[in-house]
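Chemist: Below are the structure tokens for one structure; questions will follow.
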Amino acid sequence: MRLHTFRAMGTEVSVVLDDHQSIDRVRRFFAAQERRFSRFDERSDLSRLNADPSEEVTLDPEMARILGLAAELRSRTGGLVDPAVGAAVRGWGYDADFDEIAGTRRRASSTSSPVPRWWIDGDLLVRPTPTILDLGGIAKGHTCDLAVEEGLALVASAGGDVRSAHPEAQVELVDPWDAATLTVTIGCGALATSSRTRRRWTTDQGDAHHLIDPRTGRPADTPVLSATAWTATAVEAEAAAKAILIRGADGLAWAERQSWIRSALVVWHDGSVYATVGWEVAA
């Protein structure tokens, strides 16, 4: 097996390949997904969809597929994971690749209001206009899932969203201060971590982060610094971790009630760590 690391989709991507898998194919696949779902590239499929003034749009199969997943995950998380936060993310100053805004002071023009309601029926997207969709985390998780499911890689990780087809796969968990905490076995499954300490910036209204609460249109106000979820797929893990973090104090209790979440772990603002049962910690 071989480990390769490269840059794509605005983050670091790592893949584990067997002797028959090609790193060139994996790179091309992630690049194609970035061209399709980037909100920073005006030529991307997502940017063109966001710029379309129509309230009803017929989608191509891949866009319909990922927005169908997004709608399902919105339902599973009680509306806490919703790509329609795009306008709020942009309004709070995250309007360019994070490497460009890190260390700068941004002007926040966002108002505190819930995100617009949209729905999808087959390949038909219906939304009020303007509705700005941000598929960042969902696209990364979905891409890792496809890379593994289509046999391009044994393990794929993008920005911490990990999908594995290796029964002995292990993942090292890192706390919000970049210190390794423990190594867990995820086997044939997926894991993702959401953190409000990673993508942070300063605005004229105070500090902001990229995890927007769809109920308010503001960066989530939560005692949880980071949340990690173990599920069957990376796109599910991404959604679960984000929902746990936004829910805050009752995030773990909610996770324990969800049959699709295998285990979860949170780090609180004071450094305390809490977890549900089910983690298999590597020796």
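Chemist: What share of all Cα pairs of the range 191-262, in percent, falls into each consecutive 5 Å distance bin?
Modeler: 3, 18, 26, 24, 16, 8, 3, 2, 0
Chemist: What whole-number distance in Å separates the alpha-carbon centres of the range 107-146 and the range 230-283?
Modeler: So the separation of the two Cα centres works out to 23 Å.
Chemist: For the range 135-150, what does the Karplus curve 6.51 cos²θ - 1.76 cosθ + 1.60, with θ = phi - 60°, yield as ³J(HN,Hα) per residue in whole Hz, taken in order and with x for Gly and Pro?
Modeler: 9, x, x, 4, 5, 5, x, 4, 5, 4, 4, 5, 4, 7, 5, 8
Chemist: At 0.36 nm per residue, minus the direct Cα-Cα distance, what do THR5 and ASP204 gain on full extension? Give it in nm, one decimal, please.
Modeler: Taking 0.36 nm per residue and subtracting the Cα distance, the gain is 68.0 nm.
Chemist: What's the extension gain from ALA253 to TRP268 if we count 0.36 nm per residue and subtract their Cα-Cα distance?
Modeler: Gain on extension, ALA253 to TRP268, equals 3.9 nm.
Chemist: Oh, and also: List the trypsin sites (Lys or Arg not before Pro) in the range 61-114 that DSSP assigns to loop (not H, G, I, E or B) and whose Cβ has at most 12 other Cβ atoms within 10 Å. Which are they?
Modeler: ARG107
Chemist: Sort 190-203, 229-242 by the packing proxy (mean of other Cβ within 10 Å over each peptide's residues), most packed first.
Modeler: Final packing ranking: 229-242, 190-203.
Chemist: Then there's this: How many nm separate the modelled label positions at ASP221 and SER113, each set 7 Å beyond the Cα in the direction of the Cβ?
Modeler: 1.9
Chemist: While we're looking at this one, here's another question. Along the range 265-274, what does the Karplus equation 6.51 cos²θ - 1.76 cosθ + 1.60 (θ = phi - 60°) give for ³J(HN,Hα), rounded to whole Hz, x for Gly and Pro?
Modeler: 9, 10, 10, 8, 4, 9, x, 5, 10, 10
Chemist: Would any residue of the range 244-283 have its amide N under 11 Å from a label point 7 Å out along Cα→Cβ of THR183? List them or say none.
Modeler: Inside the label zone: 282-283.
Chemist: Relative contact order of the range 2-275, please, whole-number percent, based on alpha carbon pairs below 8 angstrom and at least 6 residues apart.
Modeler: Computed over the range 2-275, the figure is 18 percent.
Chemist: Let me ask something else. Using the basic label-point model (7 angstrom from Cα toward the beta carbon), what is the ASP121 to HIS20 distance in nanometres?
Modeler: Result: 4.4 nm between the two label points.
Just so you know, all these numbers are worked out from the coordinates, no wet-lab data involved. Here the structure is a predicted model, which means the values were calculated and not measured. Positions of Cβ are generated from backbone atoms using ideal geometry, with glycine treated the same way; all protein chains shown enter the neighbour counts.
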